[in-house]
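Just so it is clear, none of the values below were taken in a lab; they were calculated from the coordinates. These numbers were taken from a predicted model, which means no experiment stands behind them. Reconstructed Cβ throughout: ideal geometry from the backbone, glycine too, with neighbour counts over all protein chains shown.
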């Protein structure tokens with residue numbers, strides 16, 4: 001079956017199996033590997049992308065269903081070498097540890113902030129219910145979402161104190177991961 005998708009502003013036409021999932025199209029055909037395959041059951045959110053601006057779990061959308069639509073992945077958020085505000089907030093607020101859930105979390109937050117530019121902490125937590133993280137306890141992920149929305153006062157960094165990494169270890173530099181680049 002021939003499909004034509006616009007992925008991160010680029011038109012991609014390919015012949016695919018009728019049953020090919022969007023997540024596999026993105027990874028295997030478009031060669032965009034930031035979108036992760038986690039559960040294949042919509043439970044984890046690691047595969048979240050934007051379909052015509054709305055967040056969807058790409059493990060439950062067929063590539064054929066997405067044909068004719070616009071897809072945005074983590075790799076498509078940065079503009080002219082400048083990280084998207086949500087990517088930058090994840091980096092600055094240490095909103096990741098292992099990084100596996102990060103692409104889906106970032107995309108879900110981008111969608112959430114389009115719908116609600118000034119969410120409360122509770123609204124962020126509710127908005128992320130379909131995205132799982134097994135490392136962080138969500139503290140810095142929520143902090144990153146609020147920072148991206150302007151919800152944290154720059155003059156008050158202790159509003160939600162950073163707990164650093166697991167066990168108090170210092171957070172690592174996460175720039176490549178929040179951009180969707182494979183770390184070396």
Review point. If you take the Cα atoms of segment 2-76, find Rg, then find the Kirkwood Rh from the mean of 1/r over all pairs, what is Rg/Rh?
Key: 0.91
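What is segment 44-89's relative contact order, in percent, from Cα pairs under 8 angstrom and six or more apart in sequence?
That works out to 32 percent.
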Point to revise | Relative contact order %, segment 2-76, counting alpha carbon pairs below 8 Å whose residues are six or more apart | key: 40 percent
Practice item. Order these peptides, 100-106, 15-21, by their mean beta-carbon neighbour count within 10 angstrom, highest first. Key: 100-106, 15-21
Point to revise | Centroid-to-centroid separation of segment 58-78 and segment 1-33 [C-alpha atoms, Å] | key: 8 Å
Study note, to complete from the structure: Unit-weight point scatterers at every alpha-carbon of segment 13-128, Debye formula, q = 0.15, 0.23 1/Å: log10 I(q)/I(0) is -0.65, -1.41
